[in-house]
Structure formats: structure tokens, C-alpha cells
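Structure first, then comments.
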Amino acid sequence: MAESKSAASKSEILQGTLDLMVLKTLDAMGPLHGYGIARRIEQISDDVLQLNQGTIYASLARLVQRGWISASWGTSENNRRARFYSITHAGRKQLAAETQSWERISGVIARVLRLARG
């Protein structure tokens with residue numbers, strides 16, 4: 001039972017991190033389709049992160065459901081019909097809150113790691 005709980009917690013953390021990256025990408029780049037969002041995150045990570053379609057679209061579905069992004073149909077660069085995603089006002093508020101939380105948590109982790117080296 002502990003394994004399931006641990007796996008679920010890890011999954012939630014990874015989902016939350018991906019959702020944060022998607023929100024930030026849309027905030028910085030403006031409306032993009034799912035493939036474009038995934039490629040941009042991979043590019044920024046110097047290809048350390050590899051996002052498959054299922055992963056990115058699950059994140060997009062969660063974010064639409066929460067009202068943090070909106071979706072509309074449009075035409076992609078290669079003349080194909082695609083859903084384009086945009087960050088909403090509520091998404092910008094969430095992005096600000098999550099960014100602040102992430103910065104606080106990463107600061108704590110950095111301090112703990114410095115102690116561990118001492």
C-alpha cells in the first residue's frame with residue numbers, strides 16, 4: 001500500500017511541475033498548439049525533458065478543466081487543423097502562486113544540500 005501512495009505522490013509532483021511549465025510557456029510565448037508547447041519545453045530543457053503526446057495532452061486537459069488555459073481551433077504552421085491553447089487570467093494568477101511556491105521550495109532544497117556538503 002505504501003508503494004501506491006508513494007507512486008501517486010511522485011505522479012502528482014511531476015504533473016504539477018509539468019503544468020507549471022506549460023503555464024509559463026503559454027505566458028511567455030502566447031497561444032500554441034500542444035506539439036509546439038512540448039517542443040518548446042524540450043528546447044528550453046536542452047532536451048533533458050522528452051514529452052510524449054499523452055503526457056502533454058493530459059496536462060493540457062487538466063489545465064483546461066481547471067480554467068487555467070483555454071483552447072480554440074486554428075490552423076498550424078503546416079496548414080493542419082490544431083487546438084491552440086492560451087493562458088487565462090486565472091491561469092496567470094495560478095502561475096504567479098506556483099512560481100512563488102516553487103522558488104520557496106527550491107530555496108529550501110538548495111539550503112539543505114549545502115548543509116549536507118558542509
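Every number in this text was worked out from the coordinates using simple rules, so none of it is lab data. Every value quoted in this text rests on a predicted model; they were computed, and no experiment measured them. Every residue, glycine among them, receives a Cβ derived from its backbone with ideal geometry; neighbour counts consider all protein chains shown.
Taking the range 85-113 as the region of interest, how many residues are over 30 Å from Thr75 (Cα atoms) and of a type in the set (Ser, Thr, Tyr)? Adding up the residues that qualify gives 3. If you go through the range 49-81 and keep only what is among the β-branched types (Val, Ile, Thr) and more than 18 Å from Gly16 (Cα to Cα), you end up with just Thr75. Scanning the range 59-76 for residues that are touching a residue at least 40 places away in the same chain (Cβ under 8 Å) and touching a helix residue (DSSP H, G or I) at 6+ places or on another chain (Cβ under 9 Å) yields Ser59, Arg62, Leu63, Trp68, Ile69, Ser76. Residues in the range 91-115 that are of a type outside the set (Val, Ile, Thr) and touching a residue at least 24 places away in the same chain (Cβ under 8 Å): Gly91, Arg92, Gln94, Leu95, Glu98, Trp102.
In summary, Phe84 fulfils each of the numbered conditions (1) in contact with a Pro (Cβ under 9 Å, 6 or more places away or on another chain); (2) surrounded by fewer than 10 Cβ atoms within 10 Å (Cβ to Cβ); (3) of a type in the set (Phe, Trp, Tyr) with the single exception of condition (2).
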